[in-house]
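Below: the structure, in structure tokens.
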Amino acid sequence: MDETHNNRVSLAKGAKDIAKEAKRQAAKNVGKAVDRASDEYSTHRSYNRFQNEEEDENNYNANGQHANDEEGASSDDTEGHDDEDEIYEGEYQGIPAQNEGKLRDGQVALGQPVSDSLKSHKELESERQTDEEELAQQYELIMQECGHGRFQWQLFFVLGLALMSDGVEVFVVGFVLPSAETDMCVKNSGAGWLGSVVYLGMMFGAFFWGGLSDKLGRKQCLLISMSVNGFFAFLSSFVQGYSMFLVCRMVSGFGIGGAVPIVFSYFAEVLAREKRGEHLSWLCMFWMIGGIYASAMAWAIIPHYGWSFSMGSAYQFHSWRVFVVVCALPCVSAVVALTFMPESPRFLLENGKHDEAWMVLKHIHDTNMRARGEPERVFTVNRIKVPKQLDELVEMQNESANPVLKVLYKIKAELRGIWLTFMKCFDYPVKDNTIKLAIVWFTLSFGYYGLSVWFPDVIKHLQADDYASRVKIHNNERIEDFTFNFTLENQIHRNGMFLNDRFISMKIRSVTFIDSSFLNCYFEDVSSVGSSFQNCTFVDSFFYNTDVDDAKLTNSRVINSSFHHNKTGCQMTFDDDYSAYWVYFVNFLGTLAVLPGNIVSALLMDKIGRLSMLGGSMVLSGISCFFLWFGTSESMMIFMLCLYNGLSISAWNSLDVVTAELYPTDRRGTGFGFCNAMCKLAAVLGNLIFGSLVGITKAIPILMASSVLVAGGLVGLRLPDTRANVLM
């Protein structure tokens, strides 16, 4: 009994010595960290502390045993007594027990660092956080040594093409929508789905590709997403059915959804702190260039109906399809150029790929130095701090398993990784920032896209009212033995009598015949866009190669008349169509109006701060909405559209910069993708809500847009200032 009691006392004393040794080591580690932090910027570009860190740890571990012997000299269990004491002592020093093959929980060898397998997940996360903070400081110094030059400008234009493709995709929807729905004979019940499905595809794409870029890399994910967008955008120009067209545009939107979150994350990671705000703002200009490109191409291509061909009556390739092909060119150019660019070095370091990251950073340094005429300057960095890599639980599959199952398991694992990274966006300390950013993105997008739909539709409504006010009305007319070979437009014929008349190679545009009779009339090669025959009577008449069908013969009687070789499909014509040109020109002006705002935001981003620009721009945009009360004419509405776009663009630019800077590297793509997904969700809701209020009331859209913009601006002012931050 006494011997057992003595053994227990020895064990207790040994445990106390171990706890004392661990506490001493922890205190020394804290002291080292404090010393390193205090010397962070005292020596210009001092990388010695990062490069020699492993040597310091080794020296410290070698001296640990000597210190432990001195402090533990008074302990009975460290002096070695009998065989049983030796067994217990061996277990505490890290020798595994026979029945376990490993150390029990809490058992460590004296004077040796604790193995990662014995540390809790919280301790490992804390160590990784410390490593990331050191890496952030060192990486900032490295980027300052690499400088800002040719490499950043090359990447600037490559990523600009990708961002330009996103702007083109947004504008293509509005420009193609009327032509595509007319060409494919879409009924009113199906109209408008095109805009919604494209934004839905972009919403899911932003979340998926943004999250995947934190796993696979910025360049690789951007390449894949842009390739998906380019392929399905090109394919959509050839499909004939409206449902297949919707599917292609939705998948195309899914692909381009990854452009915004990846582009800004990618570019921010190769910029030094003093250059980041300004050059990310300049990058935003490519979205405006995409809108200008789409507007100009629509203006130049779509109204030219002659830019088309057909294969019989089944396959039609009209001018709007040519426009879709042309709009895919920026995406194709971005894919080709992106293949020559390296992966983000910050992402490589975050994932433990030290050598690859070093090579990329050396390439950046050498490229910039050669451009400066200083090729002899040497990249002085030898070793870069790499954060501790935490093991993830991976479900292993049999090598002989079905290849399809392997792919499914791989997809499942990637989706699970994306979801886990997304949930980390709601962990401390980024949880509050994620919620605030989501609110700001949603409110800004809801107001912007909602008004973007409302403005053109209001202009069209004003044009329609003006067009209807100029209608010509003919009552009780009688026309006999006359040949119509010219265009009839914007007319109403009531109680008319047409005897032995010929309608040959003509267009009947927006003409309504009411209670009229056609006796022994001949119709050949007639196009009747927007026209109808209500309560009319056709007797002994002949129709050849016309588009007059049952849909246009409302409550009409056809007696002893025949229809031959009727035109199939919906007929389109833009000849002399002033309204088509006008719509594209209005969008062109609205897009061009953001140029001054882009320039101002780029020049002042680092001077007045991101938050001041974000909150101020949103509040001013909300206030400008109240001036819409005075928009009673087309010119006034166009002016208000330009004013609103010019004021809101600064908010978009500053929001892009803040979002890229607030998230750490391991979840930057995921967080940015989630915020951009909220943006596209708001765009869908804005299209539906504001579109339903056109021509009904002005009060609700104006008050709704103003309130959400002002509220979002006030929330944006509560975000932390990132102007002086290094990228974590």
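The values are calculated or read from the model by the stated rules, or taken from the named source; none is laboratory data. Everything numeric here is computed off the predicted structure, so don't read it as measured data. Note that each Cβ is placed from the backbone with ideal geometry, even for glycine, and that neighbours are counted across all protein chains shown. Please note that ligands, DNA and RNA were not included when accessible areas were found on the heavy atoms of the full protein model with its side chains. Shrake-Rupley method; radii C 1.70, N 1.55, O 1.52, S 1.80 Å.
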Here are some residues: 383, 372, 377. Which one is farther than 24 Å from residue 660 by Cβ, at pLDDT 85 or above, surrounded by 14 or more Cβ atoms within 10 Å (Cβ to Cβ) and of a type outside the set (Val, Ile, Thr)? 377
Working only within segment 425-469, note down all residues that are in a helix (DSSP H, G or I), surrounded by fewer than 17 Cβ atoms within 10 Å (Cβ to Cβ) and out of contact with any strand residue (DSSP E or B) (no Cβ under 9 Å at 6 or more places or on another chain). 431, 432, 435, 457, 461, 463, 464, 465, 466, 469
Can you find a residue in segment 542-558 that is out of contact with any helix residue (DSSP H, G or I) (no Cβ under 9 Å at 6 or more places or on another chain), hydroxyl-bearing (Ser, Thr, Tyr) and closer than 30 Å to residue 586 by Cα? no
Working only within segment 470-482, note down all residues that are modelled with pLDDT of 90 or more and either under 38 Å from the mean Cα position of the chain (by Cα) or open to solvent by 50 Å² or more (accessible area, probe 1.4 Å) (or both). 472, 473, 474, 475, 476, 478, 480, 481, 482
Hits in segment 586-619 - residues which are under 10 Å from residue 716 (Cα atoms), open to solvent by less than 40 Å² (accessible area, probe 1.4 Å) and not basic (Lys, Arg): 611, 613, 614, 615, 616, 618
Mind checking which residues of segment 228-267 are in contact with a Lys or Arg (Cβ under 6 Å, 6 or more places away or on another chain), part of a helix (DSSP H, G or I) and modelled with pLDDT under 90? 236
Please work out which residue is nearest to residue 592 (Cα to Cα), limiting yourself to segment 280-300 and to residues that are open to solvent by 10 Å² or more (accessible area, probe 1.4 Å) and more than 16 Å from the chain's Cα centre (by Cα). 292
Residue selected from segment 522-543 under the condition buried (at least 16 other Cβ atoms within 10 Å of the Cβ) and part of a loop (DSSP other than H, G, I, E, B), by the criterion farthest from the chain's Cα centre (by Cα): 541
Looking at (1) open to solvent by 10 Å² or more (accessible area, probe 1.4 Å); (2) closer than 22 Å to residue 147 by Cβ, which is the one condition that is false for residue 344? (1)
List the number of the failed condition for residue 215; all other conditions in (1) at pLDDT below 85; (2) open to solvent by 30 Å² or more (accessible area, probe 1.4 Å) hold. (1)
Return yes when residue 418 is assigned to a helix (DSSP H, G or I), surrounded by 13 or more Cβ atoms within 10 Å (Cβ to Cβ), at pLDDT 80 or above and touching a Phe, Trp or Tyr at 6+ places or on another chain (Cβ under 8 Å) and no when it is not. yes
What residue, of 204, 232, 245, 254, is open to solvent by 40 Å² or more (accessible area, probe 1.4 Å) and touching a residue at least 60 places away in the same chain (Cβ under 8 Å)? 204
Name the pairs: first residue in segment 207-221 and more than 19 Å from residue 352 (Cβ to Cβ), second residue at pLDDT 90 or above and of a type in the set (Phe, Trp, Tyr), Cβ to Cβ under 9 Å, at least 6 apart or on different chains? 207/674; 208/254; 209/254; 210/672; 210/674; 211/674
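A quick yes/no check of all residues on (1) over 19 Å from residue 449 (Cβ atoms); (2) touching a residue at least 12 places away in the same chain (Cβ under 8 Å); (3) surrounded by 19 or more Cβ atoms within 10 Å (Cβ to Cβ):
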| position | (1), (2), (3) |
| --- | --- |
| 662 | yes, yes, yes |
| 668 | yes, yes, yes |
| 683 | no, yes, yes |
| 692 | no, no, no |
| 705 | no, yes, yes |
| 709 | no, yes, yes |
| 713 | no, yes, yes |
| 722 | yes, yes, yes |
Take the residues of segment 544-567 that are assigned to a loop (DSSP other than H, G, I, E, B) and at positive phi: which is surrounded by the most Cβ atoms within 10 Å (Cβ to Cβ)? 565
Out of 449, 409, which single residue is without any contact (Cβ under 8 Å) to a residue 60 or more places away in the chain and of a type in the set (Ser, Thr, Tyr)? 409
